[in-house]
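*Asks:* Mind having a look at this structure? Questions to follow.
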Amino acid sequence: MNTAKPSAGRFHRRGFLCALGATASVPLLSGCAGRGYEELPSPRRPGTRLDIVFPRGDSYLDITNAHTGERVALRFMDRGRTDRRALRRLDWLFRDWRDGETPDIDERLYWSLAALSDAARRQGHSGQITLLSGFRTSRTTRLLQSRGSGASSNSYHMRRRAADIQFDGIPTDQVSDMAEWLQVGGVGRYYGSEFTHIDTGPIRTWRG
């Protein structure tokens, strides 16, 4: 008996919608969309595809921090209720590992990652995420700038609202295309380093 796992196909919105059974329900719109920190916005942005898709999907996340090797695999929502303990575990994974500072991360960022991961699993991929960068303090930003990394002084990483990610087995352009279609916020494509930046700021796209 052949027990080999079927090969994953291309990661794209059409396959996701067919698997979700939401083709008629999700509008195909045009376009891309404490401790001294700014107050985080509500995770909800009515009218975006993410706000339509995420409640229909699975909040399961399997993320490994590329720098520390730590891995968190959990669901942070169940029947519409947020599991605060699960969020704290994710916040720890997304901390600035250089300074050890662990602020509250914007929940919408987790919504975005969960929607992308759910879409990946529905199309035959593992959905596993490698986190290259989450929250960054101003001190870490200055350190990276001194090394010529191009880290912005106004980065959403410093606002607890951004992540640089890779998906297991999925090319950067396909991850970025799906994130852009979901209208998660900002989507940056970094082909040289093979990662996608997503943030919960205004809807916009760029290439790094």
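*Asks:* Can you give the relative contact order of segment 46-207 as a percent, counting alpha carbon pairs under 8 Å and 6+ residues apart?
*Replies:* It comes to 21 percent, rounded to a whole number.
*Asks:* Here is a further query. About the Cα centre of segment 46-207, how large is the charge dipole given +1 on each Lys and Arg Cβ and -1 on each Asp and Glu Cβ? Please answer in debye to the nearest 20.
*Replies:* Magnitude of the dipole: close to 340 debye.
*Asks:* Further, regarding this structure: Expressed as a whole number of Å, what is the distance separating the alpha-carbon centroids of segment 173-189 and segment 123-154?
*Replies:* Computed from Cα coordinates, the inter-centre distance equals 17 Å.
*Asks:* Just want the ordering: Ser149, Ser126, from fewest to most Cβ atoms lying within 10 Å of their own Cβ.
*Replies:* Ser149, Ser126
Only the coordinates and a few stated rules stand behind these numbers; no lab work does. Just so it is clear, the structure is predicted and the values come from calculations on it, not from any experiment. Quick reminder, even Gly has a Cβ in these numbers, built from the backbone with ideal geometry, and neighbours come from all protein chains shown.
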